[in-house]
Amino acid sequence: MVLVVIGAGLLVWLVLRGDSADEDWARYYGAGKVLAIGCVIAGTALVARRR
């Protein structure tokens, strides 16, 4: 869950800061990757818990 919160926080911070994705695409890509990895890990943990 920590990675999900960090990734979402980074994306919100980038959007509120006003940078466009064209100028600073690497930061958006990195924040999206952190968010995606966090979602996969959280989803895997939830599925394993239900079994």
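The values are calculated or read from the model by the stated rules, or taken from the named source; none is laboratory data. This is a predicted model, so every value here is computed, not measured. Here Cβ is always computed from backbone atoms with ideal geometry, including for glycine, and neighbour counts include all displayed protein chains. SASA here: full protein model, heavy atoms, side chains in, ligands and nucleic acids out. Shrake-Rupley method; radii C 1.70, N 1.55, O 1.52, S 1.80 Å.
Looking only at region 14-32, count every residue that is part of a helix (DSSP H, G or I) and free of Cβ contacts under 8 Å to residues at least 12 places away in the same chain and tell me the total.
Looking only at that region, the number is 6.
Of the conditions (1) at negative phi; (2) at pLDDT below 85; (3) more than 10 Å from the chain's Cα centre (by Cα), Gly7 clears all except one; give me its number.
Checking Gly7 against (1) at negative phi; (2) at pLDDT below 85; (3) more than 10 Å from the chain's Cα centre (by Cα), the one that fails is (3).
Going through region 10-27 one residue at a time, which ones are over 9 Å from the mean Cα position of the chain (by Cα) and open to solvent by less than 100 Å² (accessible area, probe 1.4 Å)?
The answer is Val12, Leu14, Val15, Gly18, Asp19, Ser20, Ala21, Asp24, Ala26.
Regarding Leu46, is this residue surrounded by fewer than 10 Cβ atoms within 10 Å (Cβ to Cβ) and either of a type outside the set (Asp, Glu) or at negative phi (or both)?
yes
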